Amino acid sequence: MANKFGKLRDIFPPEKASLRSARSKPGVVFDPSKCTGCGLCESVCASGGSNSEGMRAPRVHIMRGDVPGTSFAILCQHCLDPQCLKACPNGAISKDRDGVVRMNKKLCVNCGMCIAACPEAAPFRDSQGQVNKCDLCGGSPACVAACPNGALTYAQGSRKLWIAPLRWLCQLINFLLLVIFLVGSVCSLNAITFDLACPFGVLQNVFSTKAIVLATVVSALLLMLFSFIFGRAFCGWICPFGFILDLVDKIIPHQLFRMPRFLRNRVNKYGVAIGGLAAAGAAGTQAFCTVCPIGTVCRSYGMNTVMAGAETAIVPALAALNLGEKRSWCRYFCPVGATLGLAAKIGLVRIEIGAPRCKKFSCMRCADACPMGIIPKEQLVQGLSPSINMAECISCLRCVSACPHHAASIRFIWQKKKTKPGKIPSDCQSSKGDAS
Amino acid sequence: MRASSYHDLASEYGAYSCVECGKCAAMCPMAETAGSFSRIKSPRGIVQQVLRGVSVNDMPGLASCLQCRQCSQICPAGIDIAGLIAELRKLLPEPPVCVCSVCGSPMLPEDARLYLSRAVDSGFEEKLSYPALCPSCKRRTYAKNNS
């Protein structure tokens with residue numbers, strides 16, 4: 001639904017945030033474990049900040065906890081996509097070129113809509129009824145300088161930029177190996193001393209021949225073991241069809257159409273898997289393998305088997321699904337990924353987002369970067385740590401690379417959890433009642 | 001009884017001097033939120049409805065006032081429109097204000113809540129729950145979830 005942003009915003013258009021500011025977002029990062037709740041940041045801010053404006057209401061508040069480490073500073077996070085900017089009916093709030101969210105007091109009527117729209121209510125209403133918010137003191141926040149424990153730090157954010165080239169290189173090498181040079185394809189690969197086989201192919205084989213050959217089962221278990229240790233890293237780092245999908249997304253990053261709702265269901269891939277097994281049992285051959293995009297890309301596009309007939313059409317057709325949603329095939333349909341996901345679900349590796357340094361609703365870069373769309377923005381925007389289903393995660397580490405505050409990380413199952421997802425009371429529409 | 005109380009209210013807040021200039025409607029931040037704002041929901045509309053003796057139950061504008069007092073400050077005739085609206089709200093059987101779902105303190109008027117959920121919910125499949133909290137409860141829950 002189109003928001004009716006006002007006439008005032010048309011007269012005073014907010015400056016568009018430039019690409020540079022979108023990359024390096026200024027802001028104050030708060031570390032709850034270091035805060036003692038002394039309140040120096042509040043008093044320094046109240047005395048005018050770095051600009052020495054004179055006494056004013058502070059723009060930062062400490063919520064003091066009983067136990068050390070539970071105090072918390074409420075202050076503006078200067079969001080990438082500010083909710084207050086969307087909610088302000090007068091267009092008084094703008095995100096400037098330098099990434100700072102500012103409030104134009106000439107347009108502000110102190111209505112308090114920004115306070116209601118902000119997930120942590122960071123704009124404050126002072127005793128005169130004036131609404132104020134942090135403007136980062138023009139680049140050198142006084143609260144950061146005043147904090148004696150280093151709980152507040154001024155951060156532009158830095159990203160782990162080496163992950164993406166490493167992944168692309170790994171995918172390219174594996175694509176060349178599996179598709180161009182090794183004709184056998186990933187479905188069953190005879191390496192020098194041991195066999196590797198697609199676990200879903202082996203399952204189909206078992207169903208079609210009604211006999212279990214120990215050698216093939218062992219060779220399938222190798223890939224399951226790999227998924228148990230590293231998650232579905234096969235999908236993110238090795239799979240040649242996944243590489244094609246990532247390339248399609250790189251070339252055409254727009255959403256051109258929207259798939260029907262019944263197709264956009266992650267359970268579908270288990271349905272495809274069961275259907276594939278049933279077809280294998282009924283037909284007596286590995287029926288799904290003839291249309292599997294991973295198999296056809298290996299068989300039909302190599303150097304030795306030049307464009308094998310109708311099979312070549314499968315890969316472009318399924319890759320076109322990517323224009324509806326990133327990695328649509330992997331999300332909703334791929335039975336191979338579903339099989340690997342079973343191992344990854346109980347596996348050793350977890351992706352954890354929302355360590356204390358996570359800025360949640362103000363950033364949400366991880367949710368934008370995730371090709372599988374498993375980082376729920378609904379949770380992030382409410383200030384909660386997202387829960388990530390490892391059966392869906394392809395371990396591509398895009399979230400780890402996108403997070404400027406190092407809040408997205410890999411956690412092995414024996415390591416301690418850094419986050420504890422909480423719950424905000426729901427039923428927002430039923431709150432009508434008498435105010436007495 | 002209603003007519004006499006309206007007369008008292010109107011004379012107390014100076015509503016009889018309204019010249020329908022519409023400056024209050026131009027200043028009102030909630031003008032962005034309604035389609036047919038100017039005649040019915042606007043501060044001018046409310047003042048005119050009071051002068052015509054319309055029942056408070058038929059005044060939709062009462063549910064959208066944020067009490068920012070911009071109309072009272074701009075009014076060239078010196079009408080305290082925001083004060084008038086606050087008095088009119090007391091006549092309603094139930095105040096048109098949403099309350100915090102934790103502590104029960106009054107927050108935004110209902111129309112403002114609707115406008116807010118349209119503005120901030122866009123793009124989310126499930127409704128956000130935090131706009132149901134008053135600022136201090138919101139800060140407390142956020143701090144509890146993140147410390």
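The values are calculated or read from the model by the stated rules, or taken from the named source; none is laboratory data. Treat the numbers as computed from the prediction; the structure is a model and nothing was measured. Quick reminder, even Gly has a Cβ in these numbers, built from the backbone with ideal geometry, and neighbours come from all protein chains shown.
Among (1) modelled with pLDDT of 85 or more; (2) assigned to a loop (DSSP other than H, G, I, E, B); (3) touching a helix residue (DSSP H, G or I) at 6+ places or on another chain (Cβ under 6 Å); (4) away from chain B (no Cβ under 14 Å), which single condition is A:HIS78 missing?
For A:HIS78, the exception is condition (3).
Looking at region A:207-229, I want the residues that are more than 19 Å from A:LEU277 (Cβ to Cβ) and have a partner that is buried (at least 19 other Cβ atoms within 10 Å of the Cβ) with Cβ atoms under 6 Å, at least 6 apart or on another chain. Which pairs are those?
Going by the 6 Å Cβ cut-off, the qualifying pairs are A:PHE228/A:ALA343; A:PHE228/A:GLY347.
Quick grid of which residues meet (1) away from chain B (no Cβ under 14 Å); (2) crowded, with 22+ Cβ neighbours inside 10 Å; (3) in a helix (DSSP H, G or I); (4) modelled with pLDDT of 70 or more:
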site	(1), (2), (3), (4)
A:CYS396	yes, yes, no, yes
A:SER401	yes, no, yes, yes
A:ARG411	yes, no, no, yes
A:LYS418	no, no, no, yes
A:PRO425	no, no, no, no
A:SER430	no, no, no, no
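Looking at region A:381-394, which of the residues that are touching a strand residue (DSSP E or B) at 6+ places or on another chain (Cβ under 7 Å) and within 14 Å of chain B (Cβ to nearest Cβ) is surrounded by the most Cβ atoms within 10 Å (Cβ to Cβ)?
The qualifying residue surrounded by the most Cβ atoms within 10 Å (Cβ to Cβ) is A:PRO386.
If you scan region A:22-79, which residues turn out to be surrounded by fewer than 19 Cβ atoms within 10 Å (Cβ to Cβ) and hydroxyl-bearing (Ser, Thr, Tyr)?
Across region A:22-79, the qualifying residues are A:SER24, A:SER33, A:THR36, A:SER43, A:SER47, A:SER50, A:SER52, A:THR70.
Can you find a residue that is out of contact with any strand residue (DSSP E or B) (no Cβ under 6 Å at 6 or more places or on another chain) and either on the phi > 0 side of the Ramachandran plot or more than 9 Å from chain B (Cβ to nearest Cβ) (or both) anywhere in region A:84-91?
yes
If a residue counts only when it is modelled with pLDDT of 85 or more and away from chain A (no Cβ under 14 Å), which helices (runs of 4 or more DSSP H) contained entirely in region B:42-147 have at least 2 such residues?
B:43-52, B:81-91
Right, A:GLY48: modelled with pLDDT under 85, under 17 Å from A:SER140 (Cβ atoms) and out of contact with any strand residue (DSSP E or B) (no Cβ under 6 Å at 6 or more places or on another chain) or not?
Criteria met by A:GLY48.
Could you grab me the full set of residues in region B:95-147 that are of a type in the set (A, V, I, L, M, F, W, C), in contact with a helix residue (DSSP H, G or I) (Cβ under 8 Å, 6 or more places away or on another chain) and crowded, with 18+ Cβ neighbours inside 10 Å?
B:VAL97, B:CYS98, B:CYS100, B:MET107, B:LEU108, B:ALA112, B:LEU116, B:ALA119, B:VAL120, B:LEU128, B:LEU133
Would you point out the residue of region A:51-75, among those that are outside any loop (DSSP other than H, G, I, E, B) and in contact with a strand residue (DSSP E or B) (Cβ under 7 Å, 6 or more places away or on another chain), that is farthest from B:SER147 (Cα to Cα)?
The qualifying residue farthest from B:SER147 (Cα to Cα) is A:HIS61.
Results for (1) among the small types (Gly, Ala, Ser); (2) within 17 Å of A:ASP126 (Cβ to Cβ); (3) in contact with a helix residue (DSSP H, G or I) (Cβ under 7 Å, 6 or more places away or on another chain), shown as yes or no for each residue.
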{"residue": "A:ASP66", "(1), (2), (3)": "no, no, no"}
{"residue": "A:THR70", "(1), (2), (3)": "no, no, no"}
{"residue": "A:LEU85", "(1), (2), (3)": "no, no, no"}
{"residue": "A:GLY99", "(1), (2), (3)": "yes, no, yes"}
{"residue": "A:LYS105", "(1), (2), (3)": "no, yes, no"}
{"residue": "A:CYS108", "(1), (2), (3)": "no, yes, no"}
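Please specify each residue of region A:226-274 satisfying the condition of being basic (Lys, Arg) and surrounded by 14 or more Cβ atoms within 10 Å (Cβ to Cβ).
Restricting attention to region A:226-274, the residues satisfying the condition of being basic (Lys, Arg) are A:232, A:250, A:258, A:261, A:264, A:266, A:269.
Listed by number, the residues that qualify are A:ARG232, A:ARG264, A:ARG266, A:LYS269.
Examine region A:310-321 for a residue that is buried (at least 18 other Cβ atoms within 10 Å of the Cβ) and under 13 Å from the mean Cα position of the chain (by Cα), and state whether such a residue exists.
No, there is no match, as no residue in region A:310-321 is buried (at least 18 other Cβ atoms within 10 Å of the Cβ) and under 13 Å from the mean Cα position of the chain (by Cα).
List the helices (runs of 4 or more DSSP H) inside region A:227-345, counting only whole elements, that have at least 2 residues being among the hydroxyl-bearing types (Ser, Thr, Tyr). Full working, then the answer.
Details: elements: A:240-251, A:268-283, A:293-300, A:314-320, A:335-345.
Answer list for region A:227-345: A:293-300.
Restrict the check to region B:25-35 and report whether at least one residue is more than 23 Å from B:ARG118 (Cα to Cα) and either part of a loop (DSSP other than H, G, I, E, B) or within 14 Å of chain A (Cβ to nearest Cβ) (or both). Step through it out loud before you land on a result.
First pass over region B:25-35, keeping only residues more than 23 Å from B:ARG118 (Cα to Cα): none.
Within region B:25-35, none of the residues are more than 23 Å from B:ARG118 (Cα to Cα) and either part of a loop (DSSP other than H, G, I, E, B) or within 14 Å of chain A (Cβ to nearest Cβ) (or both).
Enumerate the pairs (first residue in region A:78-103 and closer than 30 Å to B:ALA25 by Cα and without any contact (Cβ under 8 Å) to a residue 40 or more places away in the chain; second residue anywhere and part of a loop (DSSP other than H, G, I, E, B) and charged (D, E, K, R)) with beta-carbon separation below 7 Å, excluding pairs fewer than 6 apart on the same chain, so at least 6 apart or on different chains.
A:ARG102/A:ASP96; A:ARG102/A:ASP135; A:MET103/A:LYS133
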